[in-house]
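J.: My questions will all concern the structure given below.
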Amino acid sequence: MDFKEELENILSDMGFSAQELELEKTPAGKIGGFVISDSFSGKSQMDRQNMLWEQLDRILDEEKRSKIIGILTMTPAEAEEAEAAA
């Protein structure tokens, strides 16, 4: 299993469904993307990131964490807004 799949599985285990995940792998093997979830409603971007990374920090070692470029945390409404603006 490659790291993208592993990260998708970890995020799924954290309670995010496949429909909420949009991850991509760069040619260099780094992972980045979006987690879109109603669970982020009413939370600041900082709180969302803390919520996500507190768990990832416990699960992933430093080497694997270094393969993540970034994961944006959005509500479905924010994702629709961003898509409409693109």
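Quick note: the coordinates plus some simple rules give every number you see, no bench work behind them. Here the structure is a predicted model, which is why all the values come from computation and not from measurement. Here the Cβ positions follow ideal geometry from the backbone for every residue, glycine too, while neighbour counts run over all protein chains shown.
J.: Within segment 1-40, which residues are closer than 17 Å to Lys67 by Cα and in a helix (DSSP H, G or I)?
T.: Matches in segment 1-40: Phe3, Lys4, Glu5, Glu6, Leu7, Glu8, Asn9, Ile10, Leu11.
J.: Just to be sure before I move on: is Ala79 outside any loop (DSSP other than H, G, I, E, B), hydrophobic (A, V, I, L, M, F, W, C) and loosely packed, with under 10 Cβ neighbours inside 10 Å in the structure I sent?
T.: no
J.: If you don't mind, there's one more thing I want to ask. Looking at segment 41-76, which of its residues are farther than 16 Å from Glu20 by Cα, in a helix (DSSP H, G or I) and either among the β-branched types (Val, Ile, Thr) or touching a helix residue (DSSP H, G or I) at 6+ places or on another chain (Cβ under 6 Å) (or both)?
T.: Narrowing segment 41-76 to residues farther than 16 Å from Glu20 by Cα: 42-47, 50, 53-69.
Narrowing further to those that are in a helix (DSSP H, G or I): 45-47, 50, 53-59, 62-65.
Within segment 41-76, Ile59 is the sole residue that qualifies.
J.: State which residue pairs qualify: first residue more than 23 Å from Ala82 (Cα to Cα) and inside segment 1-26, second residue β-branched (Val, Ile, Thr) in any location, beta carbons under 8 Å apart, and separation of 6 or more residues or different chains.
T.: Phe3/Ile31; Lys4/Ile31; Leu7/Ile31; Leu7/Ile68; Ile10/Ile59
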